[in-house]
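Okay, so here's the structure we're looking at.
What follows is calculated from the coordinates using simple rules that are stated; it is not laboratory data. Treat the numbers as computed from the prediction; the structure is a model and nothing was measured. Note that each Cβ is placed from the backbone with ideal geometry, even for glycine, and that neighbours are counted across all protein chains shown.
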Amino acid sequence: MLNDPLAAALTKIMNAEKVGKKEVEVRPASKLIKKVLTILNDHSYVGMYEEVPDGRAGILKVHLLGNVNWCGVIKPRFSVKCTAFEKWEKRYLPAKDFGLLIVSTPLGVLSHSQAKEKRTGGKLIAYCY
């Protein structure tokens, strides 16, 4: 039984990147994992993904580009205001303007740069660089 499917998915992606694979299967598929993968795709960390039904929750086939150095979830899910992203960038990212934090906001799941532009806060979910 998985306690955190998002953590398992990001760990699977990171391990496959380290080994040099071109594709990885992530299961179970959930809306949150799809939104996180969409953000990672928009920022060119992973390629496109496709959903394969398996009669249960589904499988996501993710095409890898070799651009992920490190990624993970942020536990506990810290609340962050729109003016306090810099503190969390210093904690989770290696350098300024390098990598991204993924935030769950009232406007949906966004990267921290998009949340700054829209001037909204939320809960930190994950990071990737």
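Quick rundown of the values:
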quantity: Overall dimensions of segment 74-128 as given by Cα atoms, namely Rg and Dmax in Å; calculated: 9.8, 27
quantity: DSSP H segments from the chain that extend 20 Å or more along their own axis, Cα-based, with Kyte-Doolittle mean of 0.5 or above; calculated: 5-19
quantity: Gain upon complete extension [K75, A7; 0.36 nm per residue less C-alpha separation]; calculated: 23.5 nm
quantity: Extension gain, F98 back to E51 (0.36 nm per residue minus Cα-Cα distance, nm); calculated: 14.0 nm
quantity: Cα→Cβ-extended label distance, 7 Å offset, between R119 and L107, nm; calculated: 1.0
quantity: Local net charge near R77, Cβ-Cβ under 13 Å (Lys/Arg +1, Asp/Glu -1); calculated: +1
quantity: Estimated inter-spin distance, L65 and K87, nm [label 7 Å along Cα→Cβ]; calculated: 3.2
quantity: Global geometry of the chain, whether rounded, prolate or oblate, following the gyration tensor of its Cα atoms and the 1.5 cut on a/c; calculated: prolate
quantity: Highest-MSF residue in the chain out of V103, V19, V62 [GNM, Cα springs under 10 Å]; calculated: V19
quantity: Computed [θ] at 222 nm, helices only, for the chain once each DSSP H run of length n ≥ 4 contributes -39500 (n - 2.57); calculated: -9500 deg cm²/dmol
quantity: Kirkwood hydrodynamic radius of segment 5-64, from inverse mean 1/r over distinct Cα pairs, in Å; calculated: 11.3
quantity: Within-15-Å neighbourhood charge of S44 [Cβ basis; K, R +1; D, E -1]; calculated: -3
